[in-house]
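Engineer: Starting off with a structure, shown below.
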Amino acid sequence: MENTNREHVLSIRDLSITFKTGAGPVNAIRGVNIDLYKGETLAVVGESGSGKSVTFKAAMGILASNSIVNSGSITYTYHHNDGTPATVDLLKMKTKDIRRHINGKRIAMIFQDPMACLNPRKKVGEIIAQGLDIHHLYKNRAERQQKVADILRKVGLAPEHADRYPHQF
């Protein structure tokens with residue numbers, strides 16, 4: 001019996017995506033269904049090319065320009081700063097609105113090769129702060145440093161690790 005008290009965060013229903021290619025259409029995703037509830041962790045595992053990244057790129061509005069969403073919905077529920085809930089179909093939102101209100105603030109993606117995204121000439125704290133800078137998530141330099149320290153603590157690292165380079169981990 002399903003627990004109806006759980007709060008739905010993400011619901012992907014009947015998602016189908018095709019890519020236009022020079023050799024004709026490629027059906028990359030067919031009939032994907034996923035549910036994620038508050039407090040849960042979701043691990044999506046599959047062979048290379050099985051559609052894991054494409055599925056979640058669709059949720060973030062960052063699909064390649066040659067993609068076509070044939071069917072489905074990606075419903076996301078979150079709370080505004082004042083606590084009021086909002087539920088949106090990410091596939092119906094404008095890309096600029098997803099980038100402004102969702103990506104990086106409420107949903108983030110670690111791409112398949114995260115080490116390629118880490119600049120070896122920048123300290124970890126600087127790399128984390130870049131994300132804060134993009135989304136204007138602090139009021140002053142002290143708050144910025146505090147947020148970097150909080151993020152490091154959330155992943156089990158001491159705030160002092162902000163002064164290390166990626167290769168030092």
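The values are calculated or read from the model by the stated rules, or taken from the named source; none is laboratory data. Please read these numbers as outputs of a predicted model, since none were measured by experiment. Don't worry about glycine lacking a Cβ; one is built from the backbone with ideal geometry, like all the others, and counts go over all protein chains shown. Ligands, DNA and RNA are stripped out before the accessible areas are found, and what is left, the full protein with its side chains, is counted by its heavy atoms. Shrake-Rupley method; radii C 1.70, N 1.55, O 1.52, S 1.80 Å.
Engineer: For the range 86-94, indicate whether the set of residues that are more than 28 Å from residue 18 (Cβ to Cβ), part of a loop (DSSP other than H, G, I, E, B), out of contact with any strand residue (DSSP E or B) (no Cβ under 6 Å at 6 or more places or on another chain) and open to solvent by 60 Å² or more (accessible area, probe 1.4 Å) is non-empty.
Structural biologist: Restricting attention to the range 86-94, the residues satisfying the condition of being more than 28 Å from residue 18 (Cβ to Cβ) are 86.
Then keep just the ones that are part of a loop (DSSP other than H, G, I, E, B); that gives none.
No; the residues of the range 86-94 include none that is more than 28 Å from residue 18 (Cβ to Cβ), part of a loop (DSSP other than H, G, I, E, B), out of contact with any strand residue (DSSP E or B) (no Cβ under 6 Å at 6 or more places or on another chain) and open to solvent by 60 Å² or more (accessible area, probe 1.4 Å).
Engineer: While we're looking at this one, here's another question. Using beta carbons and a limit of 9 Å, which pairs, at least six apart or on different chains, have the first residue in the range 106-128 and farther than 19 Å from residue 161 by Cα and assigned to a loop (DSSP other than H, G, I, E, B) and the second one open to solvent by 60 Å² or more (accessible area, probe 1.4 Å) and at pLDDT below 70?
Structural biologist: 110/117; 111/117
Engineer: Output the residues belonging to the range 44-68 that are hydroxyl-bearing (Ser, Thr, Tyr) and either surrounded by 11 or more Cβ atoms within 10 Å (Cβ to Cβ) or not in a loop (DSSP other than H, G, I, E, B) (or both).
Structural biologist: To start, the set of residues in the range 44-68 that are hydroxyl-bearing (Ser, Thr, Tyr) comprises 48, 50, 53, 55, 65, 67.
Those that are hydroxyl-bearing (Ser, Thr, Tyr) and either surrounded by 11 or more Cβ atoms within 10 Å (Cβ to Cβ) or not in a loop (DSSP other than H, G, I, E, B) (or both): 50, 53, 55, 67.
Engineer: So residue 76 passes all but one of these: (1) in a strand (DSSP E or B); (2) exposed (fewer than 13 other Cβ atoms within 10 Å of the Cβ). Which condition number does it fail?
Structural biologist: Answer for residue 76: the failing condition is (2).
Engineer: Any chance you could count how many residues in the range 124-139 are open to solvent by 80 Å² or more (accessible area, probe 1.4 Å), over 18 Å from residue 103 (Cβ atoms) and either touching a helix residue (DSSP H, G or I) at 6+ places or on another chain (Cβ under 6 Å) or modelled with pLDDT under 90 (or both)?
Structural biologist: 1
Engineer: Taking the range 1-27 as the region of interest, how many residues are closer than 17 Å to residue 72 by Cβ, over 18 Å from the mean Cα position of the chain (by Cα) and open to solvent by less than 30 Å² (accessible area, probe 1.4 Å)?
Structural biologist: 3
Engineer: If you check every pair at least six apart or on different chains, which have Cβ atoms under 6 Å apart with a residue in the range 2-22 that is within 14 Å of residue 40 (Cβ to Cβ) first and a residue that is outside any strand (DSSP E or B) and modelled with pLDDT under 95 second?
Structural biologist: Partner pairs satisfying both residue conditions: 7/38; 9/38.
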